[in-house]
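**Student:** Starting off with a structure, shown below.
The values are calculated or read from the model by the stated rules, or taken from the named source; none is laboratory data. Just so it is clear, the structure is predicted and the values come from calculations on it, not from any experiment. When we count neighbours, we look across all protein chains shown, and the Cβ atoms used for this are built from the backbone with ideal geometry, even at glycine. For accessibility, only protein heavy atoms count, side chains too; no ligands or nucleic acids. Shrake-Rupley method; radii C 1.70, N 1.55, O 1.52, S 1.80 Å.
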Amino acid sequence: MRGQLVPQDPNDEPASELLKKIRAEKDRLITEGKIKRDKPLPPIAEEEKPFELPQGWEWVRVGNLGVTQTGGTPASSKREYFDGNFPFIGPGQITPAGKILSPEKFISESGRLESAVAEPGDILMVCIGGSIGKCAAASYATAFNQQINSIHPLLASNEFVLNAMTASEFMASVVSTATGSATPIISKGKWDLLLLPLPPLAEQSRIVARVASLRALCAELRQRLTAARDTQVQLNEA
């Protein structure tokens, strides 16, 4: 996401104003007791910025874009936490294509309190192991284990944040920040510090629409190539 998919509109409210609104919304949720108070993240130094952004965009740390959390697994020794009907997923339910499969495990309401819950639209990313960086938006409310970090974006477009998190620059930053050679892992604290490019809210919507149209075009081209290969095979057999 570098600002080259759609043109900028100088009349759009800049992302700097959106960030102020996100901070105000987070403070409101803290005051109402709906989320825990977060620790202030360090300001972004010039040398941290991977590339120059268009006018009206801002670099933002993941933790300042919404509410983040790491999953947890209820204690297996307590049977009352399991055999319920609330979905519980791990990295295996997040596909490389960015989909969340149906859960293989379910927990009880008391078990749910011992885990972390993602609501529909929240973004989940695998934070450990060989599949580190796999990312998808939750399509249903689900609990998830400690091998996954999540973010609930505040006011920003969920679809844009997902697109930004699956971009090559962000994926590279996840891998480079992870520690451990045999089993790479990125803690929530380090994940919160990673940078994302944030355009004005109106431009986020335009980018999401443009990405959707390009993906649809790619899918159509793949279908045409498959049909062309099938036709070639039939001609060769004839």
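**Student:** Leaving out ligands, DNA and RNA, and with a 1.4 Å probe, what % of the accessible surface on the chain is carbon or sulfur?
**Tutor:** C and S fraction of accessible area: 54 percent.
**Student:** Then there is this: For the stretch 188-205, just list the computed ³J(HN,Hα) in residue order, Karplus coefficients 6.51, -1.76 and 1.60, θ = phi - 60°, integers in Hz, with x standing in for Gly and Pro.
**Tutor:** Along the stretch 188-205, the couplings run 4, x, 6, 4, 4, 7, 5, 9, 10, x, 10, x, x, 4, 5, 6, 4, 5 Hz.
**Student:** Next up: When a/c is below 1.5 the answer is rounded, else prolate if a/b is larger than b/c, else oblate, so apply that to the stretch 86-156 with a ≥ b ≥ c taken from the square roots of the Cα gyration tensor eigenvalues.
**Tutor:** In terms of gyration-tensor shape, oblate.
**Student:** Can you pull out the trypsin sites (Lys or Arg not before Pro) in the stretch 1-108 that DSSP calls coil and that have at most 15 other Cβ atoms within 10 Å?
**Tutor:** Hits after loop and neighbour filter: Arg2, Lys34, Lys36, Arg37, Lys78, Lys99.
**Student:** Related question: Find the relative contact order for the chain and round it to a whole percent, using C-alpha pairs within less than 8 Å whose residues are 6+ positions apart.
**Tutor:** 25
**Student:** If you average 1/r over every pair of different alpha-carbon atoms in the stretch 82-238 and take one over that average, what Kirkwood value in Å do you get?
**Tutor:** Kirkwood hydrodynamic radius for the stretch 82-238: 17.7 Å.
**Student:** Antiparallel as a % of all DSSP beta bridges within the chain, to the nearest 5?
**Tutor:** About 95 percent, rounded to the nearest 5.
**Student:** Modelled label-to-label distance, Phe51 and Ala24, 7 Å Cα→beta-carbon offset: nm?
**Tutor:** For Phe51 paired with Ala24, the spin-label model returns 3.3 nm.
**Student:** Largest first, what is the accessible-area ranking of Met171, Met125 with a 1.4 Å probe?
**Tutor:** Met171, Met125
**Student:** Which residues' amide hydrogens lie under 5 Å from the amide hydrogen of Leu198, considering only partners 5 or more residues apart or on another chain, with H built in the peptide plane?
**Tutor:** Long-range HN contacts for Leu198: Glu58, Trp59, Val60.
**Student:** Next question, about the same structure. Grab the DSSP H runs of the chain that are 4 residues or longer, score each as -39,500 (n - 2.57), total them, divide by all residues and round the 222 nm result to the nearest 500 deg cm²/dmol.
**Tutor:** -11000 deg cm²/dmol
**Student:** P(r) tail for the stretch 1-103, what percent of Cα pairs lie past 16 Å?
**Tutor:** For the stretch 1-103, the share of Cα pairs beyond 16 Å comes to 75 percent.
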